[in-house]
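The values are calculated or read from the model by the stated rules, or taken from the named source; none is laboratory data. Remember, predicted model here, so these are calculated numbers, not experimental data. With ideal geometry, Cβ positions are generated from the backbone for all residues, glycine too; neighbour counts draw on all protein chains shown.
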Amino acid sequence: AIPLVMSRSTSIAATNGLIIRDNQAMENSRKIDYIAMDKTGTLTEGKFTVNGVISLSDLTEDKLLSLVSGLENGSSHPIANSIVKYAQDKKVSATDFEDVQAIKGYGMSGRVAEKTYYLVNLKYLKKENIPVDNKLVKTYLDKGNTISYLVTDKQVLGFVALGDKIKPNTVEFIKELKARNITPIMLTGDNQAAAATMAKQMGIEEFRAELLPEDKNRVIKDLELSGHHVIMVGDGINDAPSLAAATIGVAIGAGTDVAIDSADVILYNSDPSDIIKFLKLSHNTYRKTV
Ligand code: ADP
Ligand code: MG
């Protein structure tokens with residue numbers, strides 16, 4: 001039978017935006033000293049605005065946008081959704097690509113007229129030794145933009161700069177974590193400059209950028225191995241291994257089935273600050289039972 005205090009907690013949890021899938025998580029919450037959080041969709045809205053479509057070649061802006069939205073038609077990433085919508089609003093039709101593929105952690109690729117195009121991040125350019133030193137790129141990066149570069153034949157043809165908004169409760173939430181002696185660390189696949197700008201605005205001192213999904217998992221495992229107890233908060237399929245490696249895995253939003261299966265707690269209103277409610281509820285529950 002479910003103990004009375006526990007069943008009461010479960011219904012309190014539901015009214016606070018929480019689904020607690022494993023009651024052990026409530027007991028474990030006392031040990032937590034670190035909280036690792038995915039950036040996009042967890043601390044930010046994950047809804048991007050296109051701030052610039054910039055050609056660095058003889059392509060017109062419309063042609064660039066047509067190629068970029070053609071590649072993004074095959075993706076459901078938040079970056080892709082906003083680019084496709086932006087092109088539709090501008091009445092720019094998407095280029096028809098063959099063999100459109102996702103390149104995990106980097107972006108997209110596709111083929112048209114015997115040429116392969118890539119829409120990728122800075123991490124990919126570094127890996128492939130493709131140079132991009134441009135003043136405009138730097139200006140957008142320093143403002144916290146996420147940038148996707150259009151590449152063919154190892155040449156950058158242009159780029160799209162996108163901005164995301166910090167969720168309304170994020171800043172207050174970070175303050176409350178610190179007041180509870182829980183150290184926040186932000187983990188992201190996004191570029192170093194955007195991560196630094198966003199972390200600063202959120203009041204987060206520790207962050208890791210340009211991470212592949214397996215790198216996020218490694219960060220969690222290393223923290224746990226060095227004696228820390230970590231809550232990991234994430235939303236995507238990619239985050240599932242990290243949720244499983246943490247002392248407490250938290251899936252945020254409707255998420256994916258995979259992330260939800262690996263989570264101990266689900267925040268179904270997509271509000272990270274509901275974690276504070278989880279910590280308070282756990283504290284009260286265990287004060288009553290022990
Ligand atoms: P995150 O949730 O931190 O963005 P992801 O693993 O979903 O992590 O993506 C990592 C990075 O790969 C993104 O920040 C972006 O730069 C790039 N990326 C992935 N998919 C796409 C896409 N469809 N279009 C453009 N960039 C993408
Ligand atoms: Mg993500």
Near pairs, Cβ below 6 angstrom, 6+ apart or cross-chain, from region 37-54 (closer than 20 Å to Gln88 by Cα and more than 11 Å from ligand 2 (Cβ to nearest atom)) to any residue that is of a type in the set (S, T, N, Q) and assigned to a helix (DSSP H, G or I): Phe48/Ser82
- prompt: Of all residues in region 45-66, which are at pLDDT 95 or above and within 15 Å of Ile79 (Cβ to Cβ)?
  reply: Phe48, Thr49, Val50, Asn51, Gly52, Val53, Leu65
- prompt: So which residues in region 217-232 are more than 15 Å from Phe207 (Cβ to Cβ), in a helix (DSSP H, G or I) and touching a strand residue (DSSP E or B) at 6+ places or on another chain (Cβ under 7 Å)?
  reply: Glu224
- line: Over region 80-98, the set of residues within 11 Å of ligand 1 (Cβ to nearest atom) and either within 17 Å of Tyr117 (Cα to Cα) or not in a helix (DSSP H, G or I) (or both) is Ala80, Ile83, Val84
Residue tally, condition closer than 18 Å to Pro272 by Cβ and modelled with pLDDT under 80, over region 1-36: 0
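Return the residues of region 229-249 that are away from ligand 2 (no atom under 14 Å from the Cβ) and crowded, with 17+ Cβ neighbours inside 10 Å; say none if nothing qualifies.
To start, the set of residues in region 229-249 that are away from ligand 2 (no atom under 14 Å from the Cβ) comprises 229-231, 244-249.
Scanning region 229-249 gives His229, Val230, Ile231, Ala245, Ala246, Thr247, Ile248, Gly249.
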Members of region 112-151 that are part of a strand (DSSP E or B) and surrounded by fewer than 20 Cβ atoms within 10 Å (Cβ to Cβ): Val112, Lys115, Thr116
